[in-house]
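Beneath this line is the structure, given in structure tokens, with notes to follow.
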2 protein chains.
Amino acid sequence: MVSAFDIIAEPNRRAILSLLVSSEQSVGEIESRLRLPQPTVSKHLRVLREAGFVEFTVDAQRRLYRLRPESLQELDAWLAPFRRFWSAHVDALERHLDRMDRSTPAKKTRRRK
Amino acid sequence: MVSAFDIIAEPNRRAILSLLVSSEQSVGEIESRLRLPQPTVSKHLRVLREAGFVEFTVDAQRRLYRLRPESLQELDAWLAPFRRFWSAHVDALERHLDRMDRSTPAKKTRRRK
DNA sequence: CTGCTATATACCTTGATATACATATGCATC
DNA sequence: GATGCATATGTATATCAAGGTATATAGCAG
């Protein structure tokens, strides 16, 4: 388990992260909302913790977990080049492909299947 | 292999996508740049294709692959709530935590390890 | 001090899934 | 026939998640 991509590839971990968007939650709350056994939740939380996605506050016997938003900035950063790509070119690309459909003499075939 | 998250969890696939940011590439080009055997590249390309991440153009015996930027918008969308979270609160949170460090009577402990 | 609560952690087992690699074949195009 | 690619097959390997169970620990309540 190395990259942030592996971390968020797991659905339960994404669910945990999404839970924490609204507010911090104790392990027990996460456990009951996601209907997962406690050791499973703790295990995922550990992964998320060690990857820097969450941190916690001790409150008596409970630990209140919350997001560490900085961690997702890595994903955001990876996405950046693509975002530039699509936001700049998606309209132009569509127009381009439309032109191809209408005018290209079928030397090139577009779209598989 | 269901979600876009699984798709980009694989390093070689991310590498392929990154290659395609600059321009479209033939399978052979991808193959030699990533130093991967041809069937491996084709397999990853198939996954990316079926997930809607790439599409290709037939050019004689070659297939020129290019990005379909729309696909990454799903990731972008998932990230959105978190982005709002951090961009709105990261400064405030830091100030908040700093205050806790200095003033909290140690009923709550912050940061593990 | 006792016992309960909340959580972490350690094991273990099972099952699923994916990747890599090699090799072979099919097919279309040149 | 050679090139470029897709695909199939087979195998080996790795990794991981889930589930269960058991234990350790810290804080709290009585």
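What is the sum of charges around B:Thr40, taking Lys and Arg as +1, Asp and Glu as -1, for the other residues whose C-beta is under 14 Å from the C-beta of B:Thr40? Within the 14 Å Cβ shell, the charges total +3. In order along the range B:43-59, the Karplus-derived 3J(HN,Hα) couplings, from 6.51 cos²θ - 1.76 cosθ + 1.60 at θ = phi - 60°, round to 5, 5, 5, 5, 4, 5, 5, 5, 8, x, 7, 9, 9, 9, 10, 7, 9 Hz, and Gly and Pro are given as x.
Per residue of A:63-70, other chain Cβ atoms within 10 Å of the residue Cβ number 3 on average. Across peptide A:5-15, the mean count of Cβ atoms from other chains lying within 10 Å of each residue's own Cβ comes to 4.
Read-outs: derived from the displayed coordinates by stated rules, not from any lab. Quantities reported herein were computed from a predicted structural model and do not represent experimental measurements. For neighbour counting, all protein chains shown are included, and Cβ atoms are generated from backbone atoms with ideal geometry for every residue, glycine included.
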